[in-house]
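Note sheet for the following structure.
Throughout, read-outs are computed from the coordinates displayed, never taken from laboratory work. Just so it is clear, the structure is predicted and the values come from calculations on it, not from any experiment. Ideal geometry is used to build each Cβ from the backbone, glycine not excepted, and the neighbour counts take in all protein chains shown.
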Amino acid sequence: MGVLADVVRNVLVIVIVTSFMELLLPDGTIKPFVRFAVGLFVIIAVLTQITVLFDKNSSLPVTMWDAVISNDTALSDHEKKARIEKQGQFINEKIINGAYQEVRSKMDGQISALVSLVPGVEEVKTDTLTDENHNIRAINLQVVLENNNAGDKSQKDQGKPDNVSLPPDKPAQANTKEIVNKIRQVINNFYGFQGVEVNITVEGE
Amino acid sequence: MEIGQIVGLALVTTVMILLLRQQKPVMAVLVSIVFSVIVLTMMMSKLDMIIQVMKDLNQKAEVNYFFFTTLLKILGIAYLGEFAVAICQDAGEQAVAKKVEFAVKIIIAVLALPIMVAILESLMQLLPK
């Protein structure tokens, strides 16, 4: 209903504008020609509204004319060319950046999936950092190990009292180091990165 | 009041043309042309205002700018053509006036052609085959 109201309002404006234009028409033998052109304008304006109402993604010739480069006639040809080039570069950068963003997020997901295959790793969050040329410079990994949670759970399950102080969990630390090394090894073997910093943060350490 | 200026100028010009037509018809035509140019120049700013308002309305109605500019061009051509035709007729050159009319009609038809083609193509696409 709202769309229909918009269309009716727009058609009303078009009719008023063209009626006003007809008032401005010069008298004489040229008048019928101009009235014909005004009539065409009304038809096309109404047709555009109707096509938009039925199909927003329509590619009818009436909507094709929107591809006007610029309405600014004050600019010289050179300036127009420079402006078009700039707009083209902007669009190009937008598309390329979007694609790189997509690739980066896929890469993050791939690394996370790969690292989660390492035994002892429960959860991984990956953040890939790139430079201005979109080359990978660093990979930040936030890893949650199974052992930490499993250890806590097993302690709780066994009903050990809280006030009992256990000796430092040296084997667990060694195990963590081993897992971290394994993660580095897996990433380097799989991707063959050179000069890429892999930062691994083990949560709960 | 601009209307006062225009009416005054028109009266003076008419009297001048009436006087000049008897003795120097060429000068009468020149005075007529000068008067036309002056009136056109005086009305330019007003016309600009009208066009601006129409542009704004057009933007609100979301009508394609290309069609609107074409329509404005047609309107401008029609006005200029009428001016030229009137001047030629004043000078008694009916044949030249007819040629100008012909040229204006052709130019208007050429400008209206893309709109007509667009409408026809759109209708052809909309209608079931």
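Here are the numbers for the structure shown:
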read-out: B:Glu2-B:Lys60 pseudo-label distance in nm [points 7 Å out on the Cα-to-Cβ vector]; value: 2.3 nm
read-out: Exceeding the 20 Å Cα-Cα cut-off - candidates A:Lys31/B:Lys60; B:Lys46/B:Lys73; A:Lys80/B:Lys105; value: A:Lys31/B:Lys60; A:Lys80/B:Lys105
read-out: Chain B, relative contact order [Cα under 8 Å, separation at least 6], %; value: 18 percent
read-out: Ascending count of other beta-carbon atoms within 10 Å, so fewest first, for A:His134, A:His78; value: A:His78, A:His134
read-out: Rounded tilt (10° steps) of B:65-90 against the dominant C-alpha axis of chain B; value: 30 degrees
read-out: Exposure proxy order (Cβ contacts within 10 Å, fewest to most) of A:Val11, B:Val100; value: A:Val11, B:Val100
read-out: Burial ordering of B:Glu82, A:Glu22, B:Glu2, fewest other beta-carbon atoms within 10 Å first; value: B:Glu2, A:Glu22, B:Glu82
read-out: Global geometry of segment B:1-46, whether rounded, prolate or oblate, following the gyration tensor of its Cα atoms and the 1.5 cut on a/c; value: oblate
read-out: Neighbour net charge for A:Pro32 - beta-carbon separation under 14 angstrom, K R +1, D E -1; value: -1
read-out: C-alpha long axis of helix B:2-23 to longest principal axis of chain B, angle in °; value: 60 degrees
read-out: Under 5 Å, built H, 5+ apart or other chain: amide partners of A:Leu145; value: A:Glu122, A:Glu203
read-out: Simple label model, 7 Å out from Cα along Cβ direction - B:Lys99 to B:Val12, nm; value: 3.4 nm
